[in-house]
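Enquirer: Please see the structure below; I have some questions.
The values are calculated or read from the model by the stated rules, or taken from the named source; none is laboratory data. Please read these numbers as outputs of a predicted model, since none were measured by experiment. Glycine gets a Cβ as well: all are built from the backbone with ideal geometry, and neighbour counts include every protein chain shown.
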Amino acid sequence: MEKTDILSLTLPELEEELIKAGEQKFRAKQIYEWLHVKKVTDFAEMSNISIKLRTKLDTIFCIKRLIVVKRLESYTDNTIKYLYGLSDGSHVESVLMEYKHGNSICISTQVGCKMGCKFCASAIAGFVRDLTPSEMLSEIYEAERDSGRHVDSVVLMGIGEPLDNFENTVKFLDILSSSEGRGMSLRHLSLSTCGIVPKIYDLASLKKGLTLSVSLHASSDEERSEIMPINRKWGIESLLKACRDYIDTTGRRISFEYAVIKGVNDSEAQADRLSDLLRGMNCHINLIPVNPIKERSYSADRKAVKRFKERLEKRGMNVTIRRTLGADINAACGQLRREYEMM
């Protein structure tokens with residue numbers, strides 16, 4: 001009989017499983033604390049639970065772990081990039097970043113990606129599968145074990161599209177924020193999407209309190225469809241309509257990500273058009289100088305990025321340029337996995 005992945009269970013699901021196994025419901029909270037607060041990797045470590053129950057747990061459940069296959073640490077800013085090996089031989093990445101306000105981790109939600117954005121290394125090798133809630137949680141837990149740092153905030157902006165793995169992502173959010181477990185406030189979590197419009201409405205209805213980051217990257221359908229194939233299905237008008245609904249439903253500000261690409265989307269005219277699109281919305285624009293990757297010719301002109309920012313500010317927009325971390329270790333997601341699997 002295949003064992004149940006216990007880290008992927010919410011507390012009510014674990015309670016139900018224990019009752020079915022003839023155990024008392026209250027045991028679930030004890031086990032949940034061991035798993036998500038103390039982060040044990042073996043049932044034998046659960047010292048306030050009887051040996052008999054620990055043995056039973058080991059026959060019914062498994063505690064899945066990721067293997068750190070490669071670890072790169074920046075000499076300039078303490079950023080750590082992890083390449084993890086999964087149980088089926090696949091690989092994903094996460095990046096642990098140090099800020100004045102605490103440590104933030106950018107995690108993956110899928111092995112590969114279906115979205116095909118032209119400037120993204122994650123999509124080059126194609127889509128393999130969704131990550132389970134336990135695998136997403138383990139990206140955080142393994143980074144904490146390895147680094148000795150406590151993760152204060154989480155960004156779903158690594159390999160994969162979180163809203164394409166909607167059910168597992170929502171379950172991950174529920175487990176991460178459970179008051180009986182880790183209890184992380186989802187106000188410390190940002191979810192990045194390239195724009196799966198129906199799922200934005202679904203996410204809004206859940207009122208999770210997280211920050212939605214929308215990868216816009218262009219100010220016209222023609223330009224966006226060229227670099228982001230998803231725009232051919234859901235254009236900018238329908239995407240921004242969903243974003244306005246998200247703001248109205250949740251009361252949360254949206255962050256629009258804009259990867260600035262030399263000669264593609266970095267002109268002052270495009271900045272003007274972007275400000276016209278977003279004017280009046282409760283939003284923030286995050287400019288990202290595009291990361292060069294071997295398989296693409298895209299690059300960023302730092303002076304053009306600065307001019308783009310100044311133009312937006314002149315037109316009254318709330319805008320920042322994302323701070324570059326881990327530049328000496330190629331910390332952009334997708335690159336390490338791609339290089340490793342081509343060896």
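Enquirer: Taking the criterion of being in contact (Cβ under 8 Å) with a residue 12 or more places away in the chain, touching a Cys at 6+ places or on another chain (Cβ under 6 Å) and in the same structural domain as Ser147 (by TED's automatic domain parsing), would at least one residue in the stretch 72-93 satisfy it?
Expert: yes
Enquirer: Being part of a helix (DSSP H, G or I) and over 23 Å from Arg279 (Cα atoms) is the filter here, so list the residues in the stretch 226-249 that pass it. It would help to see each step written out before you state the result.
Expert: From the stretch 226-249, those part of a helix (DSSP H, G or I) are 226-227, 229-232, 236-249; that's our starting set.
Of everything in the stretch 226-249, those that are part of a helix (DSSP H, G or I) and over 23 Å from Arg279 (Cα atoms) turn out to be Glu226, Ile227, Pro229, Ile230, Arg232.
Enquirer: Within the stretch 61-72, identify whether any single residue is within 20 Å of Thr4 (Cα to Cα) and part of a helix (DSSP H, G or I), and answer yes or no. Break it down into steps so the answer makes sense when it comes.
Expert: Residues of the stretch 61-72 within 20 Å of Thr4 (Cα to Cα): 61-67.
Narrowing further to those that are part of a helix (DSSP H, G or I): none.
Checked the stretch 61-72: no residue is within 20 Å of Thr4 (Cα to Cα) and part of a helix (DSSP H, G or I).
Enquirer: Taking Val111, is it over 15 Å from the mean Cα position of the chain (by Cα), at negative phi, among the aliphatic types (A, V, I, L, M) and modelled with pLDDT of 95 or more?
Expert: Values: over 15 Å from the mean Cα position of the chain (by Cα): no; at negative phi: yes; among the aliphatic types (A, V, I, L, M): yes; modelled with pLDDT of 95 or more: yes.
So Val111 fails the test.
Enquirer: So, one more: Just give me the residues in the stretch 226-236 being under 21 Å from the mean Cα position of the chain (by Cα) and without any contact (Cβ under 8 Å) to a residue 40 or more places away in the chain, in sequence order.
Expert: Within the stretch 226-236, Asn231 is the sole residue that qualifies.
Enquirer: Still on this structure, please answer the following. Would you please list the contacts, defined by Cβ atoms under 8 Å and residues six or more apart or on different chains, that run from a residue in the stretch 49-67 that is in contact (Cβ under 8 Å) with a residue 60 or more places away in the chain to a residue that is loosely packed, with under 14 Cβ neighbours inside 10 Å and in a loop (DSSP other than H, G, I, E, B)?
Expert: Taking only residues 6 or more apart or on different chains, the pairs are Lys64/Ser87.
Enquirer: Still on this model: Out of all the residues in the stretch 141-167, which are touching a helix residue (DSSP H, G or I) at 6+ places or on another chain (Cβ under 8 Å) and within 22 Å of Arg322 (Cα to Cα)?
Expert: Val151, Asp152, Ser153, Val154, Leu156, Gly158, Ile159, Gly160, Pro162
Enquirer: Just name the residue that is modelled with the highest pLDDT out of those in the stretch 278-324 that are within 13 Å of Asn265 (Cα to Cα) and part of a loop (DSSP other than H, G, I, E, B).
Expert: Asp301
Enquirer: With respect to the numbered conditions (1) among the small types (Gly, Ala, Ser); (2) under 22 Å from Lys171 (Cα atoms); (3) touching a residue at least 60 places away in the same chain (Cβ under 8 Å), which one is the sole condition not fulfilled by Ser104?
Expert: The one condition Ser104 does not meet is (3).
Enquirer: Could you please find all residues in the stretch 29-50 being assigned to a helix (DSSP H, G or I) and among the basic types (Lys, Arg)? Lay out the reasoning, then the answer.
Expert: Quick first cut of the stretch 29-50, residues assigned to a helix (DSSP H, G or I) only: 29-36, 43-45.
Matches in the stretch 29-50: Lys29 only.
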